[in-house]
Amino acid sequence: MTELLAGGLITALIAGFLGGGHCIGMCGGIVSALSFALPPSQRHPARIAALMLMYNLGRISSYTLAGALVGGLGQLLIHNIQAITQVLGWLAVTMLILMASYIGQWWQGLTRVEALGKYLWRFLEPLGRRLMPVTHPGQALLIGLIWGWLPCGLVYSMLILALSSGSAAQGALLLFVFGLGTLPTLLLTGALARQVTHFFRQPLWRQASALLLLVFALWQALPLLGFSSPPHP
């Protein structure tokens, strides 16, 4: 594994975790629905946990597939147009900066990027609604597979990183790791929705997260500036 890929994986993991507040806004409703869709007599912790895990398995699987597709596209582009490597690299850095700006609430331009996926979501969202209410793990898995394609600026940022990797395998791995980074927040949201939401909306958390993402954006930029072996932050 190259240092550049290792840096990308660390960035993806941290971005997934630090984007927790955004994840709650995008997926928190469906996660809460998984808990309350069951009749009170069936709301056993083990059963709710199974639904949560299957939902997130489906969601992360969709991220991974999208990463593979976009990474494969990057591989074709880089193979046929060598000069595009630098362009894709700087595009990835730019998207990380936009992500930091969104999380820190400095600039909300990333929400405009989410509009790019609204056309696909028009077809997928009704399919997800037909599976509600979720009462067994199979439904939760299918809901997760569909919800993984929900228009999300953070996911799109990671897809640009996957595109710049120039590899279907690396793109899939980057999005898989990003999905793992979002997992703690969404699992906690199912059990402690109010407390978790309050924590991730704290200005101090948002600012610290945004600044840390800027550091990782700089880390990704170092190889593009001629530093072949960027130091670990």
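For region 52-64, backbone phi angles converted through the Karplus equation (6.51, -1.76, 1.60; θ = phi - 60°) give residue-by-residue couplings of 4, 5, 5, 4, 5, 4, x, 4, 5, 4, 5, 4, 5 Hz, Gly and Pro being listed as x. In plain terms, the residue of MET158, MET95 with the fewest other Cβ atoms within 10 Å comes first and the most crowded comes last, giving MET95, MET158. Fewest-first ordering of TRP219, TRP106 by other beta carbons within 10 Å of each residue's beta carbon gives TRP106, TRP219. Legend: ranking of residues ILE81, ILE60, ILE10 from fewest to most surrounding C-beta atoms inside 10 Å; resulting order ILE81, ILE10, ILE60.
Within region 54-122, all pairs of alpha-carbon atoms sorted by distance into 10 Å bins from zero give the percentages 17, 32, 42, 9, 0. The share of alpha-carbon pairs in region 101-182 lying farther apart than 21 Å comes to 44%. Put a dot 7 Å past the Cα of HIS79, heading toward its Cβ, do the same for ALA208, and the two dots end up 4.5 nm apart.
Bear in mind that the values in this text are calculations on the coordinates, not laboratory data. Only a predicted model underlies this, so the values are computations on that prediction, with no experimental measurement involved. Neighbour counts are summed over all protein chains in view; Cβ atoms, including those assigned to glycine, are modelled from backbone coordinates with ideal geometry.
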